[in-house]
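**Q** Okay, handing you the structure first.
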Amino acid sequence: MQIILLHPRFTQARSLTLTLRHGLLALSLLLVLVLGSAAVITVVTLSHAGDIRLPWVQKLLDAGNQGEAARNDRYMRENIAAMAMKLGEMQAQLMRLDALGERVQGLSGVKPEEFNFKELPGRGGAAPSSSRVAPPLGISQFQQALDALVVDIEHRSDYMNAVETTLMFDKIRSKLLPTIQPVNVTYNASGFGWRLDPFTGRSTFHEGIDFPAPTGTPIIAAAGGVVIAAEFHPQFGNMLEIDHGNEIVTRYAHASRLLMKVGDIVQRGQHVADIGTTGRSTGAHLHFEVLVKGVQQDPHKFLIAGSGQGSVPQQTRK
């Protein structure tokens, strides 16, 4: 396109040639001007929406607010659902910990009134100053604290399981130690160690403890175990041997009657025989031995460990 310019001041006519490039440039400038004007109007309108109160502006603001509220509500619901699941897991873990705590309490001998798992412990203290008060937790921080607490509860549960196993093992092992006095008497006639033999009068080593009592007095097992011998022995007369595990064996000799047979499982404190005077004996009594790895040990050392469960024989020698 060619434009001819005429003016009295011009000595001759002037021409201006417009190409497609000039047209595109003019169109671009016009578009930028329109978009800029629209943006300015929009910003001014939204910033003063409360004053202008145009219906379409209010609808636009309400739609934006509703969308934001819906997103916030959905976010809150998702977080509440996740925290509810965590809370359910924590409640289950706490119930398990309570049960474990009660079992450990029973195994350890702690009285229920001294440590009640179902009651919250007392807490208190002076009110903190404003400088020592932390800001409220946000959703993400609360979620992190909840996750950390779940992990901590799981670790404590594993620890309580290990403690329960150890206490149970110790309790079982203690029940397999011969710590109960096998006869209900207050003294013994002959202790463990060197003594004058009642038949020869010579100094000999006595490998057990003699408990004198009338014939027929009950003999109880000093610990739980399995009967490995129930027979008549030329020296010990009617003799019973109980294997308690860990290479510990107890021997009960000179009985008038044996109530167990080989292979029987014996409980701690169970009536297993009656006192008599069979075998090499001068009168009714129980000859009691404790063998560890086949070697006689002083039974008094084991019985003194169970002194809280019954009477302990006094070491007297004859």
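**Q** Compare Ile209, Ile41 by solvent-accessible area with a 1.4 Å probe and give them largest first, with all protein chains kept in place. Don't skip to the answer; put the middle values down first.
**A** On the way: Ile209 0, Ile41 105 Å².
Largest to smallest exposure gives the sequence Ile41, Ile209.
**Q** Using a Förster distance of 25 Å, how high is the FRET efficiency between Val32 and Glu68, based on the Cβ-Cβ distance and rounded to 0.05?
**A** On the way: r = 32 Å, r/R0 = 1.26.
Between Val32 and Glu68 the formula returns 0.20.
**Q** Rg/Rh for region 147-274: what does it come to with C-alpha atoms and Rh from Kirkwood? Spell out each step's value before the answer.
**A** Values: Rg = 20.8 Å, Rh = 17.2 Å.
Radius of gyration relative to Kirkwood radius: 1.21.
**Q** Multiply the residue gap between Leu25 and Ser203 by 0.36 nm, knock off their C-alpha separation, and tell me the result in nm, one decimal place. It would help to have the intermediate numbers written out before the result.
**A** Working: separation 178, 0.36 × 178 = 64.08 nm, distance 13.21 nm.
This chain segment gains 50.9 nm when fully extended.
**Q** Using the Kirkwood radius built from alpha carbon pairs, what does the Stokes-Einstein equation give as D for region 214-297 at 25 °C and 0.890 mPa s, in µm² per second? Mind dumping the intermediate values first?
**A** Numbers: Rh = 12.4 Å.
D = 198 µm²/s.
**Q** Then there is this: Please express the Cα-Cα pair-distance distribution P(r) of region 143-209 as a list of whole percents, one per 5 Å bin, running from 0 to the bin with the greatest distance.
**A** 3, 12, 10, 10, 9, 8, 8, 7, 6, 6, 5, 5, 4, 3, 2, 1, 1
**Q** Distances over 13 Å make up what percent of all Cα-Cα pairs in region 197-239?
**A** Numbers: 682 of 903 pairs.
Roughly 76 percent, rounded to a whole number.
**Q** Round to the nearest 0.05 the FRET efficiency obtained for Ala39 and Met85 when R0 = 41 Å and r is the Cβ-Cβ distance.
**A** On the way: r = 47 Å, r/R0 = 1.14.
The formula returns an efficiency of 0.30 here.
**Q** Let me ask something else about it. Counting pairs of alpha carbon atoms under 8 Å apart in space and at least six apart in sequence, what relative contact order in percent does region 186-318 give? Can you show the working numbers first?
**A** On the way: 348 pairs, mean separation 40.3, N = 133.
Across region 186-318, relative contact order equals 30 percent.
**Q** What is the gain in length, in nm to one decimal, between Gln143 and Glu102 on full extension, counting 0.36 nm per residue of separation less the C-alpha to C-alpha distance?
**A** On the way: separation 41, 0.36 × 41 = 14.76 nm, distance 3.02 nm.
Gain on extension, Gln143 to Glu102, equals 11.7 nm.
**Q** Now for a separate question. Describe numerically, in nm with one decimal, the distance between label points set 7 Å from Cα along Cα→Cβ at Arg257 and at Phe232.
**A** Modelled inter-label distance: 1.7 nm.
The values are calculated or read from the model by the stated rules, or taken from the named source; none is laboratory data. Model, not experiment: these values are computed from the prediction. Quick reminder, even Gly has a Cβ in these numbers, built from the backbone with ideal geometry, and neighbours come from all protein chains shown. To get the accessible areas, we keep the full protein, side chains included, count just its heavy atoms, and leave off ligands, DNA and RNA. Shrake-Rupley method; radii C 1.70, N 1.55, O 1.52, S 1.80 Å.
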